[in-house]
Amino acid sequence: MPVESGSAAARQAKQKRKSHSLSIRRTNSTEQERSGLQRDMLEGQESKLPLSVRSNLLDLFSQIEREFENIYVENLELRREIETLNDRLAADGQVFEGADLAKGALKTKASHSTSQLSQKLKTTYKASTSKIVSSFKATTSRAVCQLVKEYVGHRDGIWDLSVTRTQPMVLGTASADHSAMLWSIETGKCLLKYMGHQGSVNSIKFHPTEQMALTASGDQTAHIWRYMVQLPTPQPVADISQTPCEEDVDFSDKDEADNEVEGPIDCPSVRVATTTLRSHQGVVIAADWLVGGKQVVTASWDRAANLYDVETSELVHSLTGHDQELTHCCTHPTQRLVVTSSRDTTFRLWDFRDPSIHSVNVFQGHTDTVTSAVFTVGDNVVSGSDDRTVKVWDLKNMRSPIATIRTDSAVNRISVSVNQKIIALPHDNRQVRLFDMSGVRLARLPRSNRQGHRRMVCCSAWCEDNTSCNLFTCGFDRQAIGWNINIPALLQEK
């Protein structure tokens, strides 16, 4: 009996294949007759296409239609087989919900196998996944970033910003609108406007002990100018809800120039510099005070960094060696050390601690323009680059970085907090991210269509002596922003 039933099934399958082939042949013959009729109709219709092109198109569409017909015939046969199997199962007393095997039994099998695979995956990665999720929740719940104040008044992008080291505590911004401004941190009011440059103001730094500012400009000069400001009476700060740093939604990727404020700024102005430093043959992109404030260093697109005496305004040293334009310079807070960065993918450490020996070390850790390199209070240098990385270096062993931070956008002028040792990374993609010195990401500042920067973020600066704002950022949306960052020590240790 098994043999006879098997042969009967084979004959049945053979007859089905035969009838299937006959139906296809029948379809093909019908299609040929139809295509012949359509060609005859084409000759009688008006068209700008040549007859040969129209004929080729007709052949292609006929082939597509023929394929669909074949698939349709196969589907009909499969439906018949499914109905036959369903009838047999029903006769045996195995009834499925919906009385349809295609939607019942087959779906049940698929879901059963899928659930088994899913369970294995969950079991395998349960520990690691839960660990990642729990650490992420801890970060978002503890790291709080609050936008406190916006400083609006420049008529072009802001390249750089800095905070005074002595009282009165003010914020300084350097803009492409040829001006530098001093702001009240508490009220957001402009206190003074410096208008002595003839080009874009690319950098601003304050003297460590006196009320003097150092600005670098595209007019190939650096200016030292004195300021006297009267702080206004602090106003009550608006109640701004605290925002967990990571829980932000970027609602807008479009141009938001209509929301930018260009109103006139009524504040005193200074137009004459106390000292003008000349000798560069290109744009002066950055400048900084050496420890003690008796000398300054400038970095230029002429591939050189110059060391000047403040009192005499004379050139003391010309630091050459970079192969392309310089992008930034920074001085050590307590030692006579200077670091310069360049578009040649390197940054250089200049040592002036010994008056008779001026040593230099070259570091080649990046693959694109080094946008900035800054010192920390300890023995570290942190460098950022257009290659989307930030590297932390040890001054005692600079052969390789001790930590590397990889991001999704070019990094601009970074800053490191003195007390908490947190690195603030301003990006081209309008984001600002916070990392610790080990390269662990701590937070991302909130950014939406209601708060945050709407253009490239150019610079960041910490101010931990101020209670309301301890981080400042600026960008090409013509505004600077004051933030209050609260990251507990427990989170930093993670």
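The values are calculated or read from the model by the stated rules, or taken from the named source; none is laboratory data. Nothing here was measured: the structure is a model prediction, and the numbers come from that model. Heads up, the Cβs are rebuilt from the backbone with ideal geometry, glycines too, and the neighbour counts pull from every protein chain shown. Only protein heavy atoms, including side chains, enter the accessible area calculation; ligands, DNA and RNA are left aside. Shrake-Rupley method; radii C 1.70, N 1.55, O 1.52, S 1.80 Å.
Numbers below:
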item: Test: Phe435 is closer than 21 Å to Ile285 by Cβ and out of contact with any Cys (no Cβ under 6 Å at 6 or more places or on another chain); result: no
item: Extreme residue, surrounded by the fewest Cβ atoms within 10 Å (Cβ to Cβ), among residues of the range 302-338 that are more than 23 Å from Ser162 (Cα to Cα) and touching a His at 6+ places or on another chain (Cβ under 9 Å); result: His317
item: Residue that is open to solvent by 20 Å² or more (accessible area, probe 1.4 Å), at pLDDT 95 or above and among the small types (Gly, Ala, Ser), where the choices are Gly172, Gly218, Gly199; result: Gly218
item: Hits in the range 145-190 (condition: touching a Cys at 6+ places or on another chain (Cβ under 8 Å) and closer than 16 Å to Arg271 by Cβ); result: Met181, Leu182, Cys190
item: Residue among Gly365, Gly293 that is at pLDDT below 95 and touching a Ser or Thr at 6+ places or on another chain (Cβ under 9 Å); result: Gly365
item: Some residue of the range 324-332 being under 26 Å from Val418 (Cβ atoms), hydroxyl-bearing (Ser, Thr, Tyr) and modelled with pLDDT of 95 or more; result: yes
item: Number of positions in the range 348-363 that are open to solvent by 70 Å² or more (accessible area, probe 1.4 Å) and in contact (Cβ under 8 Å) with a residue 24 or more places away in the chain; result: 2
item: Enumeration of residues in the range 153-163 that are open to solvent by less than 10 Å² (accessible area, probe 1.4 Å) and in a loop (DSSP other than H, G, I, E, B); result: Gly153, His154, Gly157
item: Residue match in the range 473-485 (condition: of a type in the set (Asp, Glu), under 16 Å from Ala143 (Cβ atoms) and in contact with a helix residue (DSSP H, G or I) (Cβ under 9 Å, 6 or more places away or on another chain)); result: no
item: Answer residue from the range 390-404, given it is open to solvent by less than 10 Å² (accessible area, probe 1.4 Å) and among the β-branched types (Val, Ile, Thr) and is farthest from Lys421 (Cα to Cα) among those; result: Val390
item: Hits in the range 418-431 - residues which are over 14 Å from Ser372 (Cβ atoms) and in a strand (DSSP E or B); result: Ile422
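Quick grid of which residues meet (1) among the small types (Gly, Ala, Ser); (2) surrounded by fewer than 20 Cβ atoms within 10 Å (Cβ to Cβ):
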{"position": "Ser300", "(1), (2)": "yes, no"}
{"position": "Thr340", "(1), (2)": "no, no"}
{"position": "Thr346", "(1), (2)": "no, no"}
{"position": "Val377", "(1), (2)": "no, yes"}
